[in-house]
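J.: Pasting a structure here, questions to come.
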Amino acid sequence: MAASSFIFTRAALRELDRRAVVEYHIPILSLMENAGRAVAEAALRHIRGRRPVLLLAGPGNNGGDGLVAARYLHNAGMAVSALLLAARTQFQHAAATQLAIVEAMNLPVETLAPGHPELRDWIVDAAPDDLIIDALFGTGLSRPVEGLAADVIRAANASRHPILAVDIPSGLDCDSGLPVGSPTGGGAADAVIRAVETVSFCGGKMGFANARQFTGKVTVADIGAPLELLRELAG
């Protein structure tokens, strides 16, 4: 069975990650490396010439995947910058490792601060063909996006730059395909990334069938999780 035919819920993906590490002895860093490389390959298909690339990275594993992609794009000669949603100290474990590598490579990395005037400089005023990579939140997000994160998502969407989503558009509920928190929690559709393409790891997500306006084209990437585990946990 091809990976593109697998469909996963949020709970199944959480279990997949856990068992890949515990039962199959695959380090999270290995899975993250494969994920980020797949994102970089997809990004190169969207880049015209050597247009700049902006990575929006949250402090979790989704952000770590994005930082790996930034490394590969840099190595391919692209001008890549990273905009962090959280302070560097909030990046932990595998994501912290990826951030340390990116900074050792001297890629431009900035952290959004209260007031965030950088939103206009980094996102709104960039050239239309500049690519944005969305690595803010992954499938584990369970509450509506608010505050600074919502402002970043709205700015990215309003910029009309092509956006490539890492695993899932940030703010989208993995299971329902609605904004996280909807309909009971009031999640807002304008606080969900609207991507031209989503690189979905291991298979599709349960909610993607209802979310084409957010996901754009869905490309499934193999990140090295065992086929036996994928078959067992897919819906």
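Please treat every number below as a calculation from the coordinates, not as lab data. If you're wondering where the values come from, they're calculated on a predicted model, not measured in any experiment. We place every Cβ from the backbone using ideal geometry, glycine too, and count neighbours over all the protein chains shown.
J.: Hey, in the GNM for the chain with a 10 angstrom Cα cutoff, which one of ALA43, ALA189, ALA165 fluctuates hardest?
T.: ALA189
J.: Arrange the peptides 195-204, 223-232 so that the one whose residues have, on average, the most other Cβ atoms within 10 Å appears first.
T.: Ranking, from highest mean packing down: 195-204, 223-232.
J.: In region 1-106, what GluC sites (Glu not before Pro) fall in a loop by DSSP, with at most 11 other Cβ atoms inside 10 Å?
T.: Of the GluC sites (Glu not before Pro), the ones in loops of region 1-106 whose Cβ has at most 11 other Cβ atoms within 10 Å are GLU23.
J.: Starting at 0 and stepping by 10 Å, how many percent of the alpha carbon pairs of the chain end up in each bin?
T.: 8, 36, 39, 16, 1
J.: Please arrange VAL80, VAL166, VAL53 by how many other C-beta atoms lie within 10 Å of their C-beta, fewest to most.
T.: The order, fewest Cβ neighbours first, is VAL53, VAL80, VAL166.
J.: Tally Lys and Arg at +1 and Asp and Glu at -1 over the other residues with C-beta under 15 Å from the C-beta of LEU31: what net charge comes out?
T.: Counting the neighbours of LEU31, the net charge comes to -3.
J.: Would you work out the charge dipole size for the chain about its Cα centre, treating the Cβ of every Lys and Arg as +1 and the Cβ of every Asp and Glu as -1, and quote it to the nearest 20 debye?
T.: 320
J.: Between LEU29 and ALA87, how many nm apart are label points set 7 Å from Cα along the C-beta direction?
T.: Once both label points are built, they end up 2.6 nm from each other.
J.: Another question about this same structure. Counting alpha carbon pairs within less than 8 Å and at least 6 residues apart, what relative contact order, in whole percent, applies to the chain?
T.: In percent, rounded to a whole number, it is 25.
J.: Still on this structure, I have one more. When DSSP beta bridges are limited to those with both residues in the chain, what percentage is antiparallel, rounded to the nearest 5?
T.: Here the antiparallel bridges make up roughly 5 percent for the chain.
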